[in-house]
Amino acid sequence: MQVITHIKGLVQVLPASVPCVKGKDMQELEVLGDAYLLFDQGRILDFGSMETWKAKAQDYAGVEEIDATGRFVFPTFCDSHTHIVYAGSREIEYNDKIRGLSYEEIAKRGGGILNSVDRLRNSSEDELFDSAWERLQTMCAYGTGAVEIKSGYGLDLENELKMLRVIARLKQKSPMTIRANFLGAHAVPREYIGRQTEYVDLIVREMIPAVAAEKLADFVDVFCDQGFFTVEDTERILEAGAKYGLRPKIHANELAASGGIQVGVKYKALSVDHLEHVGPAEIEALKDSGTMPTVLPGAAFFLGMPLSPVRTMMEAGLPVALASDFNPGSSPSGNMQFVMSLGCVRYRMYPEEVVHATTINTAYAMGVEAELGSISKGKKANFFITKRIPTYEYMPYSYGDNKVESVFIEGVRRV
Ligand code: NIG
Ligand code: FE
(Lines give C-alpha, C1' and ligand atoms only; values in the text may rest on other atoms or scores of the structure.)
(Ligands and ions follow the chains in the order given, each with its own letter.)
Protein backbone atom coordinates (compact mmCIF):
# COMPACT_ATOMS: atom_id res chain seq x y z
CA MET A 1 0.00 0.00 0.00
CA GLN A 2 1.26 3.50 -0.85
CA VAL A 3 0.06 7.01 -0.30
CA ILE A 4 0.90 10.22 -2.12
CA THR A 5 0.68 13.12 0.32
CA HIS A 6 0.66 16.92 0.19
CA ILE A 7 -0.59 16.93 -3.42
CA LYS A 8 -1.00 20.56 -4.49
CA GLY A 9 -3.96 19.59 -6.69
CA LEU A 10 -5.51 16.17 -7.30
CA VAL A 11 -6.98 16.68 -10.76
CA GLN A 12 -9.98 15.04 -12.45
CA VAL A 13 -11.75 13.54 -9.46
CA LEU A 14 -14.98 11.94 -10.73
CA PRO A 15 -17.48 9.35 -9.51
CA ALA A 16 -16.49 6.00 -11.06
CA SER A 17 -19.95 5.78 -12.63
CA VAL A 18 -19.44 8.77 -14.97
CA PRO A 19 -18.75 7.33 -18.45
CA CYS A 20 -17.82 10.60 -20.17
CA VAL A 21 -18.28 14.35 -19.78
CA LYS A 22 -20.36 16.30 -22.29
CA GLY A 23 -21.15 19.82 -23.44
CA LYS A 24 -21.10 22.54 -20.79
CA ASP A 25 -20.13 20.03 -18.09
CA MET A 26 -16.71 19.88 -19.73
CA GLN A 27 -16.07 23.35 -18.28
CA GLU A 28 -16.18 22.00 -14.72
CA LEU A 29 -13.14 20.15 -13.41
CA GLU A 30 -12.88 18.78 -9.91
CA VAL A 31 -9.47 19.53 -8.40
CA LEU A 32 -8.87 18.68 -4.74
CA GLY A 33 -6.32 20.99 -3.10
CA ASP A 34 -3.78 19.79 -0.48
CA ALA A 35 -4.78 16.18 -1.01
CA TYR A 36 -3.66 12.59 -0.55
CA LEU A 37 -4.13 9.56 -2.78
CA LEU A 38 -4.01 6.04 -1.32
CA PHE A 39 -3.57 3.01 -3.57
CA ASP A 40 -2.96 -0.70 -3.22
CA GLN A 41 -2.59 -3.68 -5.53
CA GLY A 42 -2.87 -1.53 -8.60
CA ARG A 43 -6.13 0.18 -7.61
CA ILE A 44 -7.11 3.54 -6.14
CA LEU A 45 -8.32 2.91 -2.59
CA ASP A 46 -9.07 6.37 -1.29
CA PHE A 47 -8.31 10.08 -1.57
CA GLY A 48 -9.24 13.30 0.17
CA SER A 49 -7.79 16.30 1.96
CA MET A 50 -4.58 16.15 4.02
CA GLU A 51 -6.70 17.05 7.05
CA THR A 52 -8.59 13.76 6.67
CA TRP A 53 -5.39 11.85 6.03
CA LYS A 54 -3.81 13.18 9.21
CA ALA A 55 -6.81 11.89 11.13
CA LYS A 56 -6.62 8.39 9.65
CA ALA A 57 -2.88 7.96 9.08
CA GLN A 58 -2.45 5.99 12.32
CA ASP A 59 -4.74 3.26 10.92
CA TYR A 60 -2.30 2.80 8.05
CA ALA A 61 0.96 2.21 9.90
CA GLY A 62 3.73 1.13 7.55
CA VAL A 63 2.16 2.53 4.40
CA GLU A 64 4.84 3.89 2.08
CA GLU A 65 4.57 7.66 1.68
CA ILE A 66 5.50 9.71 -1.37
CA ASP A 67 5.60 13.44 -0.72
CA ALA A 68 4.20 15.46 -3.64
CA THR A 69 4.62 18.94 -2.20
CA GLY A 70 4.23 21.55 -4.95
CA ARG A 71 3.11 18.94 -7.47
CA PHE A 72 -0.17 18.03 -9.15
CA VAL A 73 -1.49 14.52 -9.73
CA PHE A 74 -3.47 13.75 -12.90
CA PRO A 75 -4.94 10.46 -14.14
CA THR A 76 -2.74 9.24 -17.01
CA PHE A 77 -3.86 10.24 -20.49
CA CYS A 78 -5.78 7.75 -22.60
CA ASP A 79 -4.69 8.03 -26.22
CA SER A 80 -7.61 6.54 -28.12
CA HIS A 81 -6.27 6.86 -31.70
CA THR A 82 -2.73 5.89 -32.75
CA HIS A 83 -0.82 4.07 -35.48
CA ILE A 84 2.41 3.42 -33.52
CA VAL A 85 3.33 0.15 -35.24
CA TYR A 86 5.21 1.32 -38.32
CA ALA A 87 8.57 0.94 -40.02
CA GLY A 88 10.88 3.81 -40.83
CA SER A 89 9.74 7.42 -40.88
CA ARG A 90 8.63 9.92 -43.50
CA GLU A 91 10.59 13.12 -42.96
CA ILE A 92 11.27 13.08 -46.71
CA GLU A 93 7.55 13.79 -47.20
CA TYR A 94 7.65 16.52 -44.57
CA ASN A 95 10.57 18.14 -46.29
CA ASP A 96 8.89 17.86 -49.70
CA LYS A 97 5.65 19.37 -48.39
CA ILE A 98 7.48 22.35 -46.94
CA ARG A 99 9.04 22.87 -50.36
CA GLY A 100 5.62 22.70 -52.01
CA LEU A 101 5.85 19.47 -54.00
CA SER A 102 2.59 17.98 -55.29
CA TYR A 103 0.95 14.89 -53.81
CA GLU A 104 2.10 12.76 -56.77
CA GLU A 105 5.68 13.97 -56.53
CA ILE A 106 5.71 13.30 -52.81
CA ALA A 107 4.34 9.78 -53.31
CA LYS A 108 6.96 9.09 -55.99
CA ARG A 109 9.77 10.23 -53.73
CA GLY A 110 8.81 8.09 -50.74
CA GLY A 111 5.80 9.69 -49.03
CA GLY A 112 2.26 8.55 -48.35
CA ILE A 113 0.58 5.61 -46.63
CA LEU A 114 1.65 3.19 -49.39
CA ASN A 115 5.30 3.93 -48.76
CA SER A 116 4.83 3.01 -45.10
CA VAL A 117 3.16 -0.16 -46.39
CA ASP A 118 6.23 -1.05 -48.50
CA ARG A 119 8.50 -0.56 -45.50
CA LEU A 120 6.28 -2.49 -43.13
CA ARG A 121 6.03 -5.44 -45.48
CA ASN A 122 9.85 -5.55 -45.54
CA SER A 123 10.17 -5.51 -41.74
CA SER A 124 10.17 -8.41 -39.34
CA GLU A 125 7.75 -8.74 -36.47
CA ASP A 126 10.64 -8.25 -34.04
CA GLU A 127 11.80 -5.03 -35.69
CA LEU A 128 8.26 -3.67 -35.60
CA PHE A 129 7.85 -4.68 -31.99
CA ASP A 130 11.09 -3.01 -30.90
CA SER A 131 10.33 0.34 -32.53
CA ALA A 132 6.71 0.38 -31.32
CA TRP A 133 7.89 -0.52 -27.82
CA GLU A 134 10.23 2.47 -27.80
CA ARG A 135 7.37 4.77 -28.89
CA LEU A 136 5.21 3.36 -26.12
CA GLN A 137 7.91 4.10 -23.52
CA THR A 138 8.21 7.69 -24.72
CA MET A 139 4.43 8.13 -24.61
CA CYS A 140 4.39 6.79 -21.06
CA ALA A 141 7.13 9.23 -20.03
CA TYR A 142 4.83 12.03 -21.25
CA GLY A 143 1.99 10.76 -19.08
CA THR A 144 0.03 8.32 -21.25
CA GLY A 145 -1.26 5.16 -19.59
CA ALA A 146 -3.61 3.67 -22.18
CA VAL A 147 -3.27 3.45 -25.96
CA GLU A 148 -5.40 2.26 -28.85
CA ILE A 149 -3.21 1.00 -31.71
CA LYS A 150 -4.33 0.41 -35.30
CA SER A 151 -3.11 -1.91 -38.00
CA GLY A 152 -3.36 -0.55 -41.56
CA TYR A 153 0.17 -0.48 -42.96
CA GLY A 154 0.06 -4.15 -44.02
CA LEU A 155 -2.96 -4.10 -46.37
CA ASP A 156 -2.72 -7.81 -47.12
CA LEU A 157 -3.65 -10.72 -44.92
CA GLU A 158 -0.15 -11.71 -43.91
CA ASN A 159 1.05 -8.22 -43.06
CA GLU A 160 -2.13 -7.08 -41.32
CA LEU A 161 -1.86 -10.17 -39.11
CA LYS A 162 1.81 -9.38 -38.54
CA MET A 163 0.94 -5.88 -37.32
CA LEU A 164 -1.85 -7.16 -35.09
CA ARG A 165 0.46 -9.79 -33.59
CA VAL A 166 2.90 -7.02 -32.74
CA ILE A 167 0.06 -5.19 -30.96
CA ALA A 168 -0.82 -8.43 -29.13
CA ARG A 169 2.78 -8.69 -27.93
CA LEU A 170 2.74 -5.07 -26.78
CA LYS A 171 -0.45 -5.83 -24.84
CA GLN A 172 1.23 -8.78 -23.22
CA LYS A 173 4.49 -7.12 -22.29
CA SER A 174 3.36 -3.62 -21.34
CA PRO A 175 1.54 -2.76 -18.11
CA MET A 176 -0.25 -0.02 -20.07
CA THR A 177 -3.84 -0.69 -21.18
CA ILE A 178 -3.76 -1.39 -24.92
CA ARG A 179 -6.56 -1.96 -27.41
CA ALA A 180 -6.10 -3.21 -30.99
CA ASN A 181 -8.00 -1.81 -33.97
CA PHE A 182 -8.05 -3.61 -37.34
CA LEU A 183 -7.66 -0.98 -40.09
CA GLY A 184 -7.40 -3.12 -43.21
CA ALA A 185 -9.33 -0.33 -44.97
CA HIS A 186 -6.69 2.36 -44.47
CA ALA A 187 -5.88 2.66 -48.20
CA VAL A 188 -6.17 0.51 -51.31
CA PRO A 189 -2.84 -1.33 -51.67
CA ARG A 190 -0.84 -0.94 -54.90
CA GLU A 191 -1.77 -4.42 -56.15
CA TYR A 192 -5.50 -3.53 -55.96
CA ILE A 193 -5.42 -0.01 -57.39
CA GLY A 194 -8.43 0.33 -59.70
CA ARG A 195 -10.06 -2.68 -58.02
CA GLN A 196 -11.23 -1.16 -54.73
CA THR A 197 -14.36 -3.33 -54.45
CA GLU A 198 -12.25 -6.46 -54.77
CA TYR A 199 -10.03 -5.23 -51.98
CA VAL A 200 -13.10 -4.64 -49.80
CA ASP A 201 -14.18 -8.22 -50.68
CA LEU A 202 -10.82 -9.43 -49.39
CA ILE A 203 -11.23 -7.51 -46.13
CA VAL A 204 -14.76 -8.81 -45.60
CA ARG A 205 -14.27 -12.42 -46.68
CA GLU A 206 -10.74 -13.20 -45.58
CA MET A 207 -9.14 -10.63 -43.36
CA ILE A 208 -11.91 -10.05 -40.80
CA PRO A 209 -12.60 -13.77 -40.23
CA ALA A 210 -8.84 -14.45 -39.87
CA VAL A 211 -8.32 -11.55 -37.48
CA ALA A 212 -11.32 -12.67 -35.42
CA ALA A 213 -10.19 -16.32 -35.40
CA GLU A 214 -6.93 -15.29 -33.69
CA LYS A 215 -8.78 -12.75 -31.49
CA LEU A 216 -6.30 -10.11 -32.61
CA ALA A 217 -8.60 -7.06 -32.67
CA ASP A 218 -10.94 -5.30 -30.28
CA PHE A 219 -12.24 -2.85 -32.90
CA VAL A 220 -12.63 -2.39 -36.65
CA ASP A 221 -11.69 0.82 -38.47
CA VAL A 222 -12.24 2.25 -41.97
CA PHE A 223 -10.82 5.43 -43.50
CA CYS A 224 -14.23 6.58 -44.76
CA ASP A 225 -13.36 9.69 -46.70
CA GLN A 226 -13.11 11.34 -50.10
CA GLY A 227 -10.61 9.44 -52.25
CA PHE A 228 -10.42 6.53 -49.80
CA PHE A 229 -13.33 4.25 -48.80
CA THR A 230 -16.96 5.04 -49.56
CA VAL A 231 -19.96 4.82 -47.26
CA GLU A 232 -20.97 1.60 -49.07
CA ASP A 233 -17.51 0.06 -48.54
CA THR A 234 -17.68 1.13 -44.91
CA GLU A 235 -21.10 -0.45 -44.37
CA ARG A 236 -19.90 -3.76 -45.76
CA ILE A 237 -16.82 -3.75 -43.54
CA LEU A 238 -18.67 -2.69 -40.37
CA GLU A 239 -21.33 -5.34 -40.96
CA ALA A 240 -18.67 -8.01 -41.38
CA GLY A 241 -16.94 -6.78 -38.22
CA ALA A 242 -20.19 -6.79 -36.25
CA LYS A 243 -20.61 -10.52 -36.95
CA TYR A 244 -17.44 -11.06 -34.92
CA GLY A 245 -18.25 -8.53 -32.21
CA LEU A 246 -15.80 -5.91 -33.50
CA ARG A 247 -17.10 -2.50 -32.54
CA PRO A 248 -16.27 0.27 -35.05
CA LYS A 249 -13.98 3.21 -34.34
CA ILE A 250 -13.56 4.95 -37.66
CA HIS A 251 -11.69 7.69 -39.52
CA ALA A 252 -14.31 10.10 -40.86
CA ASN A 253 -14.83 13.58 -42.30
CA GLU A 254 -11.17 14.57 -42.42
CA LEU A 255 -11.11 15.48 -46.11
CA ALA A 256 -14.81 16.08 -46.84
CA ALA A 257 -18.32 15.66 -45.42
CA SER A 258 -17.96 11.99 -46.32
CA GLY A 259 -21.03 10.53 -44.61
CA GLY A 260 -18.57 8.76 -42.34
CA ILE A 261 -20.04 10.20 -39.16
CA GLN A 262 -23.56 9.07 -40.04
CA VAL A 263 -22.47 5.59 -41.02
CA GLY A 264 -20.38 5.33 -37.84
CA VAL A 265 -23.35 6.29 -35.70
CA LYS A 266 -25.58 3.86 -37.62
CA TYR A 267 -23.24 0.99 -36.76
CA LYS A 268 -22.84 2.12 -33.13
CA ALA A 269 -19.22 3.18 -33.48
CA LEU A 270 -17.49 3.84 -30.19
CA SER A 271 -15.92 6.88 -31.83
CA VAL A 272 -15.66 8.77 -35.11
CA ASP A 273 -12.29 10.45 -35.49
CA HIS A 274 -10.73 13.50 -37.27
CA LEU A 275 -13.97 15.50 -37.97
CA GLU A 276 -12.58 18.51 -39.82
CA HIS A 277 -15.77 18.59 -41.91
CA VAL A 278 -18.73 18.72 -39.54
CA GLY A 279 -21.99 20.62 -40.09
CA PRO A 280 -25.47 20.63 -38.53
CA ALA A 281 -26.42 17.22 -40.02
CA GLU A 282 -23.35 15.56 -38.50
CA ILE A 283 -23.97 17.19 -35.12
CA GLU A 284 -27.60 16.04 -35.21
CA ALA A 285 -26.48 12.48 -35.98
CA LEU A 286 -24.06 12.49 -33.05
CA LYS A 287 -26.59 13.73 -30.47
CA ASP A 288 -27.54 10.99 -27.99
CA SER A 289 -25.68 8.48 -30.14
CA GLY A 290 -23.16 6.95 -27.76
CA THR A 291 -20.47 7.67 -30.39
CA MET A 292 -17.60 9.83 -29.13
CA PRO A 293 -16.59 12.67 -31.50
CA THR A 294 -12.79 12.53 -31.46
CA VAL A 295 -10.58 15.29 -32.80
CA LEU A 296 -6.88 14.81 -33.64
CA PRO A 297 -5.26 18.23 -33.22
CA GLY A 298 -1.75 16.96 -33.98
CA ALA A 299 -2.71 15.82 -37.49
CA ALA A 300 -4.58 19.06 -38.26
CA PHE A 301 -1.59 21.03 -36.99
CA PHE A 302 1.00 19.00 -38.89
CA LEU A 303 -0.94 19.00 -42.18
CA GLY A 304 -2.27 22.55 -41.87
CA MET A 305 -5.86 21.35 -42.14
CA PRO A 306 -9.01 23.32 -41.28
CA LEU A 307 -10.04 23.06 -37.65
CA SER A 308 -12.86 20.84 -36.47
CA PRO A 309 -15.71 22.93 -34.99
CA VAL A 310 -15.08 21.71 -31.47
CA ARG A 311 -16.80 24.66 -29.72
CA THR A 312 -19.95 24.21 -31.82
CA MET A 313 -20.05 20.52 -30.95
CA MET A 314 -19.69 21.22 -27.24
CA GLU A 315 -22.31 23.97 -27.41
CA ALA A 316 -24.66 21.41 -28.96
CA GLY A 317 -24.17 19.32 -25.82
CA LEU A 318 -21.78 16.78 -27.34
CA PRO A 319 -18.71 15.39 -25.62
CA VAL A 320 -15.38 15.81 -27.41
CA ALA A 321 -12.25 13.66 -27.09
CA LEU A 322 -8.72 14.58 -28.20
CA ALA A 323 -6.18 11.94 -29.24
CA SER A 324 -2.69 12.06 -30.77
CA ASP A 325 -3.09 10.08 -34.04
CA PHE A 326 0.63 9.22 -33.62
CA ASN A 327 1.69 7.99 -37.09
CA PRO A 328 4.62 8.58 -39.48
CA GLY A 329 2.67 10.62 -42.05
CA SER A 330 0.35 13.11 -40.41
CA SER A 331 1.29 13.22 -36.74
CA PRO A 332 4.72 11.93 -35.77
CA SER A 333 4.24 12.57 -32.03
CA GLY A 334 2.35 10.90 -29.21
CA ASN A 335 2.80 13.79 -26.78
CA MET A 336 -0.64 14.25 -25.20
CA GLN A 337 0.54 17.30 -23.25
CA PHE A 338 1.09 19.00 -26.60
CA VAL A 339 -2.32 17.76 -27.77
CA MET A 340 -3.82 19.57 -24.75
CA SER A 341 -1.94 22.74 -25.68
CA LEU A 342 -3.16 22.54 -29.28
CA GLY A 343 -6.70 22.06 -27.99
CA CYS A 344 -6.44 25.29 -26.02
CA VAL A 345 -4.48 27.44 -28.45
CA ARG A 346 -5.97 26.41 -31.77
CA TYR A 347 -9.49 25.23 -30.85
CA ARG A 348 -9.97 27.71 -27.98
CA MET A 349 -10.86 24.92 -25.60
CA TYR A 350 -10.53 25.73 -21.90
CA PRO A 351 -7.90 23.94 -19.79
CA GLU A 352 -10.73 22.14 -17.96
CA GLU A 353 -12.19 20.95 -21.27
CA VAL A 354 -8.91 19.57 -22.58
CA VAL A 355 -8.41 17.59 -19.37
CA HIS A 356 -11.77 15.85 -19.89
CA ALA A 357 -11.04 15.45 -23.60
CA THR A 358 -7.74 13.61 -23.02
CA THR A 359 -8.71 11.48 -20.00
CA ILE A 360 -12.29 10.33 -19.36
CA ASN A 361 -13.58 11.02 -22.90
CA THR A 362 -10.71 9.17 -24.58
CA ALA A 363 -11.13 6.37 -22.03
CA TYR A 364 -14.75 6.13 -23.24
CA ALA A 365 -13.54 6.19 -26.87
CA MET A 366 -11.51 3.07 -26.19
CA GLY A 367 -14.08 1.35 -24.02
CA VAL A 368 -12.06 1.50 -20.78
CA GLU A 369 -13.95 4.23 -18.91
CA ALA A 370 -14.91 1.88 -16.06
CA GLU A 371 -11.20 1.35 -15.30
CA LEU A 372 -9.40 4.51 -16.36
CA GLY A 373 -9.72 8.18 -17.23
CA SER A 374 -10.28 9.71 -13.79
CA ILE A 375 -9.27 9.64 -10.15
CA SER A 376 -12.04 7.42 -8.79
CA LYS A 377 -12.12 4.79 -6.07
CA GLY A 378 -11.67 1.31 -7.49
CA LYS A 379 -10.23 2.43 -10.84
CA LYS A 380 -6.72 1.41 -11.88
CA ALA A 381 -4.02 3.39 -10.09
CA ASN A 382 -2.79 4.96 -13.35
CA PHE A 383 -1.70 8.52 -12.66
CA PHE A 384 1.24 10.86 -13.02
CA ILE A 385 2.87 13.31 -10.65
CA THR A 386 3.94 16.57 -12.25
CA LYS A 387 7.10 18.52 -11.65
CA ARG A 388 6.66 21.53 -9.37
CA ILE A 389 4.14 23.65 -11.30
CA PRO A 390 2.02 26.60 -10.13
CA THR A 391 -1.46 25.63 -11.42
CA TYR A 392 -3.15 22.86 -13.41
CA GLU A 393 -3.63 25.34 -16.25
CA TYR A 394 0.17 25.42 -16.50
CA MET A 395 -0.03 21.95 -18.13
CA PRO A 396 -1.45 23.14 -21.48
CA TYR A 397 0.09 26.62 -21.12
CA SER A 398 3.72 25.52 -20.96
CA TYR A 399 3.66 23.79 -24.33
CA GLY A 400 6.45 21.57 -25.56
CA ASP A 401 8.03 20.86 -22.17
CA ASN A 402 7.52 17.60 -20.37
CA LYS A 403 5.91 18.59 -17.07
CA VAL A 404 5.55 14.95 -15.92
CA GLU A 405 8.00 13.81 -13.24
CA SER A 406 6.83 10.28 -12.48
CA VAL A 407 4.24 7.91 -13.90
CA PHE A 408 2.44 5.12 -12.07
CA ILE A 409 0.75 2.35 -14.02
CA GLU A 410 -1.37 -0.09 -12.01
CA GLY A 411 0.15 1.33 -8.86
CA VAL A 412 3.80 0.77 -9.83
CA ARG A 413 6.17 3.59 -10.66
CA ARG A 414 7.32 3.06 -14.26
CA VAL A 415 8.93 6.44 -15.00
O1 NIG B 1 -5.03 9.16 -39.24
N2 NIG B 1 -6.22 9.69 -42.16
C3 NIG B 1 -5.74 8.58 -42.37
N4 NIG B 1 -4.66 8.00 -41.88
C5 NIG B 1 -3.67 8.53 -41.01
C6 NIG B 1 -2.47 8.97 -41.77
C7 NIG B 1 -1.59 7.82 -41.98
C8 NIG B 1 -0.34 8.11 -42.77
O9 NIG B 1 -0.20 9.13 -43.44
O10 NIG B 1 0.51 7.22 -42.69
C11 NIG B 1 -4.25 9.55 -40.09
O12 NIG B 1 -3.93 10.75 -40.14
FE1 FE C 1 -5.45 7.95 -37.85
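The values are calculated or read from the model by the stated rules, or taken from the named source; none is laboratory data. Since this is a predicted model, take the numbers as computed values, not measurements. Here Cβ is always computed from backbone atoms with ideal geometry, including for glycine, and neighbour counts include all displayed protein chains. Surface areas here come from the heavy atoms of the whole protein model, side chains and all, with no ligands, DNA or RNA. Shrake-Rupley method; radii C 1.70, N 1.55, O 1.52, S 1.80 Å.
Of the strands (runs of 3 or more DSSP E) contained entirely in segment 114-229, those carrying at least 1 residues that are more than 21 Å from residue 251 (Cβ to Cβ) fall at 144-150, 177-185. Do we find a residue being in contact with a helix residue (DSSP H, G or I) (Cβ under 7 Å, 6 or more places away or on another chain), of a type in the set (Ser, Thr, Tyr), under 30 Å from residue 400 (Cα atoms) and modelled with pLDDT of 95 or more anywhere in segment 119-142? Yes, there is a match, as at least one residue in segment 119-142 is in contact with a helix residue (DSSP H, G or I) (Cβ under 7 Å, 6 or more places away or on another chain), of a type in the set (Ser, Thr, Tyr), under 30 Å from residue 400 (Cα atoms) and modelled with pLDDT of 95 or more. A single entry from 341, 331, 324 fulfils the requirement of being open to solvent by less than 10 Å² (accessible area, probe 1.4 Å), within 21 Å of residue 402 (Cβ to Cβ) and touching a His at 6+ places or on another chain (Cβ under 8 Å): 324. Of all residues in segment 200-217, those satisfying the criterion of being in contact (Cβ under 8 Å) with a residue 40 or more places away in the chain and either away from ligand 2 (no atom under 16 Å from the Cβ) or surrounded by fewer than 21 Cβ atoms within 10 Å (Cβ to Cβ) (or both) are 202, 206, 207, 210, 211, 214, 216. Restricting the first member to segment 316-329 and to residues that are closer than 19 Å to residue 92 by Cα, and the second to residues that are open to solvent by less than 10 Å² (accessible area, probe 1.4 Å) and modelled with pLDDT under 95, the beta-carbon pairs closer than 8 Å and six or more apart or on different chains are 329/111. Residue pairs whose Cβ atoms lie under 6 Å apart, separated by 6 or more positions or on different chains, with the first residue in segment 255-275 and touching a residue at least 24 places away in the same chain (Cβ under 8 Å) and β-branched (Val, Ile, Thr) and the second open to solvent by less than 30 Å² (accessible area, probe 1.4 Å) and within 13 Å of ligand 1 (Cβ to nearest atom), are 261/252; 261/253; 261/272. A count restricted to segment 93-116 and to residues that are under 14 Å from residue 187 (Cβ atoms) and out of contact with any Asp or Glu (no Cβ under 9 Å at 6 or more places or on another chain) stands at 4. Within segment 303-328, the residues that satisfy the criterion of being modelled with pLDDT of 95 or more and either in contact with a Ser or Thr (Cβ under 9 Å, 6 or more places away or on another chain) or within 26 Å of residue 180 (Cα to Cα) (or both) are 308, 318, 319, 320, 321, 322, 323, 324, 325, 326, 327, 328.
Entry remark, segment 41-60: residues being of a type in the set (A, V, I, L, M) and open to solvent by 10 Å² or more (accessible area, probe 1.4 Å) number 3 in total. Scanning segment 312-323 for residues that are in contact with a strand residue (DSSP E or B) (Cβ under 7 Å, 6 or more places away or on another chain) and in a helix (DSSP H, G or I) returns a single hit, 313.
Which fully enclosed helices (runs of 4 or more DSSP H) of segment 324-378 have 2 or more residues being among the hydroxyl-bearing types (Ser, Thr, Tyr)? Result: 336-347, 360-365. Just one of the listed residues (35, 87) is without any contact (Cβ under 8 Å) to a residue 40 or more places away in the chain and touching a helix residue (DSSP H, G or I) at 6+ places or on another chain (Cβ under 9 Å), namely 35.
Residue pairs whose Cβ atoms lie under 6 Å apart, sitting 6 or more positions apart in sequence or on different chains, and linking a residue in segment 387-401 that is over 19 Å from residue 297 (Cβ atoms) to a partner that is of a type outside the set (Gly, Ala, Ser) and assigned to a loop (DSSP other than H, G, I, E, B), are 387/403; 389/403.
Taking the criterion of being open to solvent by less than 10 Å² (accessible area, probe 1.4 Å), more than 23 Å from residue 130 (Cβ to Cβ) and within 16 Å of ligand 1 (Cβ to nearest atom), the residues of segment 61-115 that qualify are 80, 96, 111. Between 308, 330, the distinction of being in contact with a helix residue (DSSP H, G or I) (Cβ under 6 Å, 6 or more places away or on another chain) and assigned by TED's automatic domain parsing to the domain that holds residue 115 belongs to 330 only.
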